[in-house]
Amino acid sequence: MNILIVTGTALPEVPQEIIDRIIEAAGPGSTISIADSDGEALEYAADAEVVLGFVTPQLFAAAPKLRWVHAIASGVNRYLYPEFRDGAVQLSSEKGQVGPQLADHAFALLLALTRRVAAAVRLGPEAWDQRRALRMEQTELTGKVMGIVGYGGTGRAVAERATGFGMRSIAVDRDALEGDDHVDAVWAMDRFGELLEASDVVAVCCPLTPETHGLFGREEFARMPSGSMIVNVTRGEIIDADALIEALDSGQLAGAGLDVAPIEPLPADHPLWQRDDVVMTPHAAGASQLRASRNIDRFCRNLWRLRTGEPLEGVIDKQAGY
C-alpha cells in the first residue's frame, strides 16, 4: 500500500514513531512518502493509494490509484469540491473525536463573557478601579436555556456541560432525534426559529454545508431574546458578521464568543476585534494534547480496516458534507 502524508497545521511534522505505527498497520511492502507542500505532494501523486492530509484538486486529478483520504481535521468542507465529492474515493476524518474539547472551549468563551473575565483582562490593573462595574455586569448560567444548533458529538458534549452549569438545553439538528439525559428535545431544522426564541445562549455546533452557510443573519438574531448570547466553535461562515455586529450594536445580543471567523485570519482592523462584547480565539477550539494521537490511532485502525475490507471509522457522507 502506497501512503502519502501531506503535512499541515494539525500535523506539522511526522516523527519516526508515527511512521513506524503507520507501516505496521498498513502491512508488509507498504511505503510512506511525506510531502511538506502541495507542490511536493504532486511528485508522489501517481502512486498514492491513501492520503493522510489535505488533497487539493490538482493532487486529486493526478492520483489515479487513490482509494481513501483521511483528513487531519474534523471539518471537511474544503475537501468537497465536485471531483472528490462525486467520485468513489472514500473520505474519513476525526469525526466524533473532537466534541469534548470544542464543548470545553465553547464554555470558556461563554464564561469569559458572562463572568466578565475578558473585560477584566483587557482592563489590566485598571480592573480594580472598575471592580464595582464589572461585578454589576456579571451573570450566572443557572436556569438559563442553552440552544444547540447541530446535535452531533459537539452538540451532545455542550449539552452535557450545560447540565453541569444548571442550564436546560434544547437542540435542532438536520433530523429530529430523541432527547437524552442532557437535552429536553431535539427538533428538526424547521423549528430553528422556535429554538432561537427560547434560548438565552445559542451554541453553533453544526458543520459548514451549503444549508448552514449564512444560517445566522439579521432575521435570526432578531428572533433571539434581547440580551442573549451566541457562541461559535465550528465555522465562521455560518454567521453573517455584519448582521452580528448590528445585533450587538442594538443590544439585541449581549455578547458573542467566536473561535472562528468568516475570514481567517480576521484582519487586524476588523470591527469585531474592537468590541468589549466579543471574545475571540484563533480557530483553536479543537486542540488538545491528545488530539493528534487520537487521529493517528484512527488512521492506523482504518489502514487495517482497508486491508481487511472492514468499514472505515469516521467516514464522511460527502453529499451531506459531514
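The values are calculated or read from the model by the stated rules, or taken from the named source; none is laboratory data. Quick caveat, the model's predicted, so the values are computed rather than measured. Virtual Cβ from ideal backbone geometry, glycine too; neighbours counted across all protein chains shown.
Check residue 107 against each of (1) assigned to a helix (DSSP H, G or I); (2) outside the structural domain of residue 231 (by TED's automatic domain parsing); (3) of a type outside the set (Asp, Glu) and name the one condition it does not meet.
All conditions are met except number (2).
Only one of 168, 235, 174 is more than 30 Å from residue 318 (Cβ to Cβ) and either touching a helix residue (DSSP H, G or I) at 6+ places or on another chain (Cβ under 8 Å) or among the aromatic types (Phe, Trp, Tyr) (or both). Can you tell me which?
168
Restricting the first residue to region 62-86 and requiring it to be more than 11 Å from residue 322 (Cβ to Cβ), which pairs with a second residue that is among the β-branched types (Val, Ile, Thr) and part of a loop (DSSP other than H, G, I, E, B) meet a Cβ separation below 6 Å and a spacing of at least six or different chains?
66/89; 69/55
Within region 255-272, which residues are of a type outside the set (Gly, Ala, Ser) and farther than 26 Å from residue 139 by Cα?
Scanning region 255-272 gives 262, 263, 264, 265, 266, 267, 269, 270.
Output the residue which, of all residues in region 33-54 that are part of a strand (DSSP E or B) and free of Cβ contacts under 8 Å to residues at least 40 places away in the same chain, is nearest to residue 82 (Cα to Cα).
This residue is 35.
Scan region 225-237 residue by residue and report those that are within 23 Å of the chain's Cα centre (by Cα) and closer than 14 Å to residue 147 by Cβ.
Scanning region 225-237 gives 228, 229, 230, 231, 232.
Kindly provide the set of residues from region 55-93 that are assigned to a strand (DSSP E or B), closer than 14 Å to residue 319 by Cβ and either outside the structural domain of residue 303 (by TED's automatic domain parsing) or aliphatic (A, V, I, L, M) (or both), ordered by number.
Within region 55-93, just 91 meets the criteria.
May I ask you to list the residues in region 147-182 that are without any contact (Cβ under 8 Å) to a residue 12 or more places away in the chain and under 12 Å from residue 107 (Cβ atoms)?
164
Looking only at region 261-313, how many residues end up being more than 30 Å from residue 67 (Cα to Cα), outside any loop (DSSP other than H, G, I, E, B) and free of Cβ contacts under 8 Å to residues at least 12 places away in the same chain?
Residues meeting the conditions: 2.
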